[in-house]
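Structure first, commentary second.
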Amino acid sequence: MDFDETPKVRELKARVETFMAEHVYPNEAEILAQIAEGDRWQPPALFAEIKERARAAGLWNLFLPESEYGAGLTNLEYAPLCEIMGRSPFAPEMFNCSAPDTGNMEVLVRYGTAEHKRRWLAPLLDGAIRSAFAMTEPDVASSDATNIATSIRREGDDYVINGRKWWTSGALDPRCRILIVMGRSAADATDRYRSQSMILVPLPHPGVHVKRMLPVFGYDDAPHGHGEVVFDNARVPAANMLLGEGRGFEIAQGRLGPGRIHHCMRLIGLAERALERMCRRAQSRVAFGRTVAEQTVTQERIAESRIMIDQARLLTLRAADVMDKRGNKAARAEIAMIKVLAPNMACRVIDWAIQSFGAAGVTDDYGLAYAYACARTLRLADGPDEVHRNQIARLELQRYQGPESLTGGSASVLPIDRTPGLRRKPVWIA
């Protein structure tokens, strides 16, 4: 593994860092103020201004590996840029690199028709519209996606959609013009992994109703938010089906792998900023005659934070490297591992940062409470910890199925002789 950054990545990284310092960090407070004024569900004027600056600076659509549409970066090359963007909750959108648009654009690039790309991919890449992804449902355990019950039924030249989704992020954004819906198209399929499909639903659309926006620990995430959406005989052309009936899990495999890499790198950036704030705060506050930074408990937390962040980064870079070299499927263990590791790491680091701020840490003054809400949510989004841990365990157990080999490199232990008076070490056969 070689994680050295190429000259191209180093140059892009410096430009992204400079842009963040000049245009993103100084405007965070004003963006929040604009959201708080008037209609919270209208994007603040600063969004458009900063996005136009990023586009003019050539810092636009940096994702989409191996694509003619993006910057042509691999997952490994994009990872450090994604980390920098993750330091601010607003930054990914400024570079047109925010979820769920990135995943939806990847779906359209890989699986969309020429007409799909013309109608929806082009304006998404241009930043003229936004999108949403409807998969999770309130009435079933969606951690097992084969449970998804929303029906996608063929009627002549159309498909009719009925069901209820939630955590459909961005559904109420006035710029949201396309929704990718995953639902059951074959109720009696013998192969449950061929029972689901993905279909494109334009917004606004008859029969599609956003019922409410769901708060996350009290945060509504306006103007993006997370919607509960009801489909009531929503009818769309059959041409809106992606890839074909029963191909939903296949598409999900291609969509979720890169998305999880992006989530993890953004979490690493979030944790880095929390650690930075913890260190600055600890050095500036005095308690019991010493700075908080001189307290041993604080030093231990700072040290553990550095170790945990670097561990998460290295494992995430490895996952990106395996994806680039061997594909998403071959990297499923690495992707599952980072999806468990990174959110848990971020939760711990941010929690320690909150503790270093005392009561101020749980206010909105320093962004740590919101950062914690985001990190904690990502222990559920794109699959909960338990699902990923189960997959990691299954893949690990598969390595040891069948008879043990004396020459295959795995070690076997011979029984220890328990004869009284004798002490023998176990004999390892390589």
- Taking residue 336 as the residue in question, decide whether it is surrounded by fewer than 21 Cβ atoms within 10 Å (Cβ to Cβ), at negative phi and hydrophobic (A, V, I, L, M, F, W, C). no
- Item | strands (runs of 3 or more DSSP E) contained in the range 109-195 and holding at least 3 residues buried (at least 21 other Cβ atoms within 10 Å of the Cβ) | 130-134, 158-169, 176-184
- Is it true that residue 78 is surrounded by fewer than 21 Cβ atoms within 10 Å (Cβ to Cβ) and touching a Leu at 6+ places or on another chain (Cβ under 8 Å)? no
- Message: Just the residues that are of a type in the set (D, E, K, R), part of a strand (DSSP E or B) and either under 30 Å from residue 90 (Cα atoms) or at pLDDT below 95 (or both), please, taken from the range 219-274.
- Response: 228
- Item | Residues being part of a loop (DSSP other than H, G, I, E, B) and under 24 Å from residue 315 (Cβ atoms) - total across the range 83-99 | 7
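Return the residues of the range 86-112 that are polar (S, T, N, Q) and farther than 13 Å from residue 256 by Cβ; say none if nothing qualifies.
88, 96, 98
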- Query: In this structure, is residue 331 touching a residue at least 12 places away in the same chain (Cβ under 8 Å) and in contact with a Gly (Cβ under 8 Å, 6 or more places away or on another chain)?
  - Reply: yes
- Message: What pairs come out if I take residues in the range 342-363 that are in the same structural domain as residue 261 (by TED's automatic domain parsing) and pair them with residues that are of a type in the set (S, T, N, Q) whose C-beta lies under 7 Å away, six or more apart or interchain?
- Response: 342/316; 349/305; 352/305; 356/298; 361/355
- Which residues, counting only those in the range 1-44, are free of Cβ contacts under 8 Å to residues at least 40 places away in the same chain and among the charged types (D, E, K, R)? 2, 4, 10, 11, 22, 30, 37, 39
- Query: Using beta carbons and a limit of 6 Å, which pairs, at least six apart or on different chains, have the first residue in the range 170-194 and hydroxyl-bearing (Ser, Thr, Tyr) and the second one crowded, with 16+ Cβ neighbours inside 10 Å and modelled with pLDDT under 95?
  - Reply: 193/249
- Task: Could you tell me which residue of the range 296-331 is surrounded by the most Cβ atoms within 10 Å (Cβ to Cβ), considering only residues that are small (Gly, Ala, Ser) and not in a helix (DSSP H, G or I)?
- Result: 331
- From 65, 44, 92, which residue is closer than 21 Å to residue 368 by Cα, not hydroxyl-bearing (Ser, Thr, Tyr) and not assigned by TED's automatic domain parsing to the domain that holds residue 171? 92
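The values are calculated or read from the model by the stated rules, or taken from the named source; none is laboratory data. What you see is a predicted model; the values in this text were computed from it and never measured. No Cβ is skipped: glycine too gets one built from the backbone with ideal geometry, and neighbour counts run over all protein chains shown.
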